[in-house]
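Encoded as structure tokens, the structure appears first; notes follow it.
What follows is calculated from the coordinates using simple rules that are stated; it is not laboratory data. It should be emphasised that the depicted structure is a prediction, and the values quoted were computed from it without experimental measurement. Here the Cβ positions follow ideal geometry from the backbone for every residue, glycine too, while neighbour counts run over all protein chains shown.
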Amino acid sequence: MDTERTPENGSELRQRILVVSGDPELREHLYDLLTRHGYAVTTITSGQVGLELLKHWRPHLILANSLNHQCGGMALADHVR
């Protein structure tokens, strides 16, 4: 994982959000915004990493780019369904 960032304290009690984007500025912005509002946020760079992560961790919400060139948000959504 490129930038898996998850708050350590109390994250199991908060709503979990997975942010999937190849854009580091977008990941950083969403992480800052969502953690300020009390969410436990994990950021990753691709849907392929997300597929691996979902084998052992389930977020309440996934925010993903649909145009990622490796394995984008649409492929990830298909897998989750």
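Numbers for the structure displayed
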read-out: By average C-beta atoms within 10 angstrom, highest first, the peptides 39-49, 21-31; value: 39-49, 21-31
read-out: Chain lengthening between Arg58 and Leu33 when straightened (0.36 nm per residue, less Cα-Cα); value: 6.9 nm
read-out: Separation of the Leu26 and Gln48 label points, Cα + 7 Å toward Cβ, nm; value: 1.8
